[in-house]
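Report on the following structure.
The values are calculated or read from the model by the stated rules, or taken from the named source; none is laboratory data. Nothing here was measured: the structure is a model prediction, and the numbers come from that model. All Cβ positions, even for glycine, are placed from backbone atoms using ideal geometry, and neighbour counts span all protein chains on display. Surface areas here come from the heavy atoms of the whole protein model, side chains and all, with no ligands, DNA or RNA. Shrake-Rupley method; radii C 1.70, N 1.55, O 1.52, S 1.80 Å.
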Amino acid sequence: MPEITVSTFIRYNTAHDVQRNEDEWAANHAKKIIKGEELSGWFSWPLLAGYRLQIKQSNRSAFENDILARFAQHIVAAHPGVMIVPVPNGNATINSGEQFRTWELAEGIAEKMPNLSAFDALRWNTPMGQAHRNERRRDVDAHMSALRIKPGCQKDVIIFDDVVTSGSQLCAAKLKMEEAGFNVRALYAIFDVLDEGERGSAPCWRQVRRNPMRIADFFADLDI
């Protein structure tokens, strides 16, 4: 079973049966902005400028600009000169030229620093559905076989996603690009979906680990 390490900034609690604390409510609202959804409430966010701002629908761009700037600074400090490769959303196929949300975010990060760039090097062969609705399998092999690499990407890359849950998509993207000769320097995701029973806390940089499933791991556990 492969292990990956992902740099994340916001912890996201999916539990519905808990009384959310302030940080969990902030993460819930922040995720709506990152996903491009309507923001119905508000939350307090600590800006890089050094003060807190109430984020609501009318000024949601302030949060998005802040989080993209944080990622740009972190990536440049740790991995200067890399190209940001976004994990494609479920409808981002190799035959579609349309932009997808994680690509928009990756380009937004790259625009914050002069020596960063982004490229949608990965696309799905066919529409993949949404993993959180169980419309696609969460094992690494299924994702690897469905991913295609577009030409034109430089060799040193970091792979970026908006949310890491099981880690199967990030792991598949990493292995797919490494098999093609790319040097994957790091993995990044804005949100880390917490395990059951864990609680949210203040946003900060964290290294989280995932051990997504491969088909070979399943057969290795069988006594045959």
Whole-percent carbon and sulfur share, accessible surface of the chain, 1.4 Å
48
Using modelled amide H (1.01 Å from N, peptide plane; none on Pro or chain starts), what sits under 5 Å from the amide H of Tyr12, excluding residues fewer than 5 places away?
Asp192, Val193, Leu194
Averaged per residue, the 1.4 Å probe accessible area of the chain, protein heavy atoms only, in Å², is roughly 49
Taking Cα pairs under 8 Å and at least six residues apart, what relative contact order does the chain come out at, in percent?
30
3J(HN,Hα) from dihedral phi, the range 168-177, Karplus parametrisation 6.51/-1.76/1.60, rounded to Hz, x for glycine, proline:
5, 6, 5, 5, 4, 4, 4, 5, 4, 6
For the chain (alpha-carbon point model, no solvent) the Debye-based log₁₀ I(q)/I(0) at q = 0.16, 0.18 Å⁻¹ works out to -1.16, -1.44
Distribution output for the range 71-122: share of Cα-Cα pairs per 5 Å bin in percent, first bin at 0, values 4, 23, 30, 19, 12, 8, 2
Check: in the range 10-165 the Lys pairs 8 or more apart or on separate chains whose Cα atoms fall under 26 Å apart number 10
Taking the dipole about the Cα centre of the chain, with the C-beta of Lys and Arg at +1 and of Asp and Glu at -1, give me whichever of Thr8, Ala49, Ala77 is farthest to the positive side.
Ala49
Among the aspartates and glutamates, which fall within straight-line cross-link reach of Lys176, defined as a Cα-Cα distance under 17 Å, with same-chain neighbours fewer than 8 residues apart omitted?
Glu3, Asp120, Asp139, Asp141, Asp156, Asp161
5 angstrom amide H check on Ser44, placed H, neighbours 5+ away:
Ile55
